[in-house]
Structures are given as structure tokens and as C-alpha cells.
Amino acid sequence: MTPSLNDLGTDLLVTNRRRRVLALARPPIGVAVFALTAWWADSTPWVWLLTPVVVFGVFVAVVTVTHDVVHRSIGLGPKATEWALFLCGLVLLESGHAYRATHVQHHRLFPHDDDPEGYPAHLSFVGAVLYGPVFLVGLWRWAYRRGAQRGWLVVEACAPVLALAGGVALWSTTPALLVYAVMAVVGSWVYPLLTVYLPHHDFGDTPLTQTRTLRGRIVPAVFLELTYHLEHHLYPAVPSHHLAELGRRLDPFLASQGVRPRKVP
């Protein structure tokens, strides 16, 4: 039997104010860094080469904090949760409310057919790559058909359209908006591969074999501990900043069950 959180330590559920502020501040800070980089690139063109790195950091920051907001693990109230979903999604021109609807379903039902987020796990590597451009559209459509807060969904669906149109209109003044919008949209195409296929493919029949965990120093830190995917599925209420500690406390149990974390740098 999987250890309870009472056995592992309920301190793993605690998010203090400093952690909460840091998690919520990372996405707007990332956007500000992108804006400064684009401003610098106006006079030093090679600096544009740095912008994909900045946008990658924005993706990691947004995915991490949105994950925690969806699972109500960083201490936000009901109203703040709704606005956090909207604003964090807006940073990457995505629908935070569609993500919440489908991600909760993913935790409930994976690998069931009615799990739109988990669908890429059933595909091949190439299939997961090719599925990228329609992945978020499919999540949004699933959430809308289920009647999940359609007002938020409609507003959030306008974000990428307005950003791309605004970027085209302002291109002669500054290319930064269009560059950012294109990177945000195209960057989301890796979600099926990175966040679903790689953690879940060749899944087994039990919770311990339906996903994986990656352990190391550099890669988990770069991804803000999102590589602890097995730990997250077993204990979704634990916030991302405690997943490494959760993994350490789970090690004896995982070893007893023959689960071997994959080592990365």
C-alpha cells in the first residue's frame, strides 16, 4: 500500500508566503526579461538568439505555477485561483481554465479514453510530435463541450488571436510582440511529447508503473522539479517545490516495490 501523507509528513503540503510570491512572480519576471532582451536586440541583433532561452524559462515558470494552482497547493483562495489560472495562461497565450478541467480529468482517469490530456501517451514518438499543433485546441474543445466555465474559456481563446494580430500590426514599430507570440504558440507544440508521451508511454496497469520519475541535480532544477512525475501523480496535493523532498522520503517504498528512478544529470 502506498504510504499516506500523514506517514510521509504533512509538512510537504505547506507553502509559505515567500514560496507563493516567488512562484507567482516568475512568469511576469520572465516576460520582463524577454522585453529587455528584445529592446537590447534592437541595437545588437545577435541578442535575438537569446530569446528562445528566455521563453523556455517562461514556459517552465508558467507550467510549474499553473500546475500548483490547479491542484490548490500554493494557498490561493477561490477567487485568486480563478485569476491566477487566467493570468498565468495569458502569459503563454493559453487557457488556464481548459488546462484545469483536463488536468483534473487526467489525474482521475489516466489511461482512460476520456482523458484528452493523456491521449498522446497512446501514440508513437512521431505521433506525439505531430499531435503538437492540435493538442491545446483539443483540450479547449473538450473543456468547452463539458461546459467548464465557458466565459473564461471564450476570453482565453481570444488571447493568441489578438496577440498574433497585434504583433503583425506592430511589426514595423517593434517585432518583439510577434516574435514572443509565435514562440509561445509554437513552443506549446512540444507539450504532448514532453509532458505526456515521455513521462507516460509504455505505461503499466498500476499507479507505480503508469509514469516515471527522473532524479538528478541539474535537469530537475532546470524544470523546477516537474521531472518528479510519478511522485506528483501519487500525491498531487504536494506543491512542486516539495517534490524533491517527497521523492527522498518515498525512496525506501519505491525500492521495495522495484521502482527505479531514472538518473539524469
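For VAL182, indicate whether it is at pLDDT 95 or above and hydrophobic (A, V, I, L, M, F, W, C). Yes: the conditions hold for VAL182.
Per the conditions (1) of a type in the set (Val, Ile, Thr); (2) in a helix (DSSP H, G or I); (3) in contact (Cβ under 8 Å) with a residue 40 or more places away in the chain; (4) crowded, with 19+ Cβ neighbours inside 10 Å, the sole criterion not satisfied by VAL69 is (3).
Okay, residues lined up against (1) more than 14 Å from the chain's Cα centre (by Cα); (2) not β-branched (Val, Ile, Thr):
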{"position": "PHE56", "(1), (2)": "no, yes"}
{"position": "THR66", "(1), (2)": "no, no"}
{"position": "VAL70", "(1), (2)": "no, no"}
{"position": "LEU76", "(1), (2)": "yes, yes"}
{"position": "ALA80", "(1), (2)": "yes, yes"}
{"position": "CYS88", "(1), (2)": "no, yes"}
{"position": "VAL104", "(1), (2)": "no, no"}
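Select from region 42-61 the residues that are closer than 26 Å to CYS88 by Cβ and not hydroxyl-bearing (Ser, Thr, Tyr) and list them in ascending order. Listed by number, the residues that qualify are TRP48, LEU50, PRO52, VAL53, VAL54, VAL55, PHE56, GLY57, VAL58, PHE59, VAL60, ALA61. Does GLY187 meet the test of being under 16 Å from the mean Cα position of the chain (by Cα), assigned to a helix (DSSP H, G or I) and either more than 29 Å from SER124 (Cα to Cα) or of a type in the set (Gly, Ala, Ser) (or both)? Considered against the rule, which asks whether it is under 16 Å from the mean Cα position of the chain (by Cα), assigned to a helix (DSSP H, G or I) and either more than 29 Å from SER124 (Cα to Cα) or of a type in the set (Gly, Ala, Ser) (or both), GLY187 comes out as yes. Of all residue pairs spaced 6 or more apart or on separate chains, none has beta-carbon atoms under 6 Å together with a first member in region 167-187 that is more than 14 Å from TRP48 (Cβ to Cβ) and a second member that is at pLDDT below 95 and among the acidic types (Asp, Glu). Go through the residues of region 29-38 one by one and say whether even a single one is over 20 Å from CYS88 (Cα atoms) and either buried (at least 16 other Cβ atoms within 10 Å of the Cβ) or of a type outside the set (A, V, I, L, M) (or both). Yes: one or more hits.
Scan region 155-185 for residues that are among the β-branched types (Val, Ile, Thr), surrounded by fewer than 13 Cβ atoms within 10 Å (Cβ to Cβ) and within 21 Å of TYR99 (Cβ to Cβ) and jot them down. Scanning region 155-185 gives a single hit, VAL161.
I'm checking my understanding of the structure. Among residues of region 118-154 that are hydroxyl-bearing (Ser, Thr, Tyr) and crowded, with 18+ Cβ neighbours inside 10 Å, which one is farthest from the chain's Cα centre (by Cα)? Looking at residues that are hydroxyl-bearing (Ser, Thr, Tyr) and crowded, with 18+ Cβ neighbours inside 10 Å, I get TYR144.
Report yes if some residue within region 197-208 is in contact with a Pro (Cβ under 7 Å, 6 or more places away or on another chain) and under 30 Å from ASP251 (Cβ atoms); otherwise report no. Yes, region 197-208 contains at least one residue that is in contact with a Pro (Cβ under 7 Å, 6 or more places away or on another chain) and under 30 Å from ASP251 (Cβ atoms).
For beta carbons closer than 7 Å, sequence separation of 6+ or different chains, a first residue in region 46-64 that is over 24 Å from GLY96 (Cβ atoms) and a second that is among the β-branched types (Val, Ile, Thr) and at pLDDT 95 or above, the qualifying pairs are VAL47/THR37; LEU50/THR37.
With the condition kept exactly as written, say whether any residue in region 10-25 is more than 20 Å from LEU76 (Cβ to Cβ), exposed (fewer than 15 other Cβ atoms within 10 Å of the Cβ), out of contact with any strand residue (DSSP E or B) (no Cβ under 6 Å at 6 or more places or on another chain) and of a type outside the set (Lys, Arg).
First, pick out the residues of region 10-25 that are more than 20 Å from LEU76 (Cβ to Cβ): none.
For region 10-25, residues more than 20 Å from LEU76 (Cβ to Cβ), exposed (fewer than 15 other Cβ atoms within 10 Å of the Cβ), out of contact with any strand residue (DSSP E or B) (no Cβ under 6 Å at 6 or more places or on another chain) and of a type outside the set (Lys, Arg): absent.
Of the listed requirements (1) small (Gly, Ala, Ser); (2) out of contact with any Gly (no Cβ under 7 Å at 6 or more places or on another chain); (3) surrounded by fewer than 19 Cβ atoms within 10 Å (Cβ to Cβ), GLY57 misses just one: (2). One residue alone among ASP115, ASP42 is among the charged types (D, E, K, R) and buried (at least 16 other Cβ atoms within 10 Å of the Cβ), and that residue is ASP115. All of THR81, THR51 fail the test of being surrounded by 15 or more Cβ atoms within 10 Å (Cβ to Cβ), at pLDDT 95 or above and under 21 Å from ALA157 (Cβ atoms), apart from THR81.
The values are calculated or read from the model by the stated rules, or taken from the named source; none is laboratory data. Since the model is a prediction, treat every value here as computed from it, not as a measurement. Because the Cβ atoms are built from the backbone with ideal geometry, glycine has one as well, and the counts that use them run over all protein chains shown.
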